[in-house]
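J.: What follows is a single structure, and I will ask about it in a moment.
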Amino acid sequence: MMSTEISRDSAPADSEKLVVTVIGAGTILPTTGRSPSSHLLRYGSQCAIFDLGPGSLNRLALAGVDYREISTVFISHLHPDHVLDIVTLLHALNATPGWVRREPLIIAGCYGLKAFIEQLLQIFRDAMPETYTLDIRELTVGRHEIANLTVETGLTGHTSNSIAFRIETPVGIFVYSGDAIDKTAMEHTARQADIFLCECSFEDDTLTEDHLTPKDAATIASVAGVGQLVLIHTYPHVDLARIHTQATARFSGPVTIATDGTRIQC
């Protein structure tokens, strides 16, 4: 398994490495340090973002990332804490003084994405791309080649169309759970991942039908043989020390509870 590390350095990534920056580690509920869901991946010339919850563009700036570099947006599902800054990004790409975007923007994700963005652009007409093309792709479960990235998707059970993403590169494997409840499906998607960003909304004693707990996340990581478990999508009221203890009781590898700006690489 390839080594991974955590840092807060927002300097440009080494082109030989796969670098993931947690832009938003939280949920729809407001709290300092954990904004709604968004995660940036850099590998070589690729700059891809996974989900764009409200405030993501501002969080990108705080992480030292230029939104104009984004080439691909991956969307796990259509809940507001994962999609509301899509329109902000599209509008910004039209409205940046002294700069014109020419490169196509790919937005790839769950079933229903095309209709959602079409409706969004009917409401926010100034966000309609003016100088570049928008390539919207609804992904079936399985493997895809997108912007020179090998991408595998799997259902998560959070909603009828929610998906997780697996990115395979020569230097490492990155998996993002999105929101999830189907542990068996997640074990398959996360197999042998070097970096596993897994939602962990509540503590183990919380009854939930559409989210994962530390026990769930750690069990998935252990069965899947992942290198490093990074817990995301934690609600503000949870006891962070407790969920860390609950996760490390079932997973022997490194466990990190992410905050906005956490950076992982392999």
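J.: Which value in deg cm²/dmol, rounded to the nearest 500, describes the helix-derived mean residue ellipticity at 222 nm for the chain, given -39,500 (n - 2.57) per DSSP H run of n ≥ 4 and division by the residue count? Don't skip to the answer; put the middle values down first.
T.: Details: 7 runs with 59 residues, N = 266.
Theoretical 222 nm ellipticity from helices: -6000 deg cm²/dmol.
J.: Same structure again: Below 14 Å, Cα to Cα, which aspartates and glutamates can Lys183 reach? Residues fewer than 8 away in the same chain don't count.
T.: Filter leaves Glu199, Glu209, Asp210, Asp216.
J.: Right, another one. Per-residue counts of other Cβ atoms within 10 Å, averaged by peptide: what ranking do you get for 156-168, 252-264, highest first? Intermediate results must be reported in sequence, preceding the final value.
T.: Working: 156-168: 21.8, 252-264: 19.4.
Listed from highest to lowest mean packing, they are 156-168, 252-264.
J.: Another question, then. Evaluate the relative contact order of the chain (contact order divided by residue number), counting alpha-carbon pairs under 8 angstrom at least 6 apart; express in whole percent.
T.: On the way: 663 pairs, mean separation 55.0, N = 266.
Relative contact order here is 21 percent.
J.: Please sort by residue number the chymotrypsin sites (Phe, Trp or Tyr not before Pro) in the stretch 95-128 whose DSSP state is loop and whose Cβ has at most 14 other Cβ atoms within 10 Å. Write down the numbers at each step before the final one.
T.: Details: sites: Trp99, Tyr111, Phe116, Phe124; in loops: Trp99, Tyr111, Phe124.
Loop-located and lightly packed - Trp99, Phe124.
J.: Could you put Arg59, Arg101 in order, starting from the residue whose Cβ has the fewest other Cβ atoms within 10 Å?
T.: Arg101, Arg59
J.: How many angstrom separate the Cα center of the stretch 183-214 from the Cα center of the stretch 21-99?
T.: The distance from the Cα centre of the stretch 183-214 to that of the stretch 21-99 comes to 22 Å.
J.: To the nearest 10 degrees, how steep is helix 113-123 against the longest Cα principal axis of the chain, on a 0 to 90 scale?
T.: Between helix and principal axis, roughly 50 degrees.
J.: What full-extension length gain, to one decimal in nm, is calculated for Arg125 and Thr206 as 0.36 nm per residue of separation minus the Cα-Cα distance? Write out the running numbers ahead of the final one.
T.: Values: separation 81, 0.36 × 81 = 29.16 nm, distance 4.22 nm.
Difference between extended and current length: 24.9 nm.
J.: Continuing with the same structure: Only Lys, Arg, Asp and Glu count, each charged at its Cβ (+1, +1, -1, -1), so figure out the dipole size of the chain about its Cα centre, rounded to 20 debye. Write down the numbers at each step before the final one.
T.: Numbers: 19 positive and 31 negative charges, 67 e Å.
Roughly 320 debye, rounded to the nearest 20.
Every number in this text was worked out from the coordinates using simple rules, so none of it is lab data. For clarity, every value in this text was computed on a predicted model and none was experimentally measured. Positions of Cβ are backbone-derived with ideal geometry, glycine not excepted, and every protein chain shown enters the neighbour counts.
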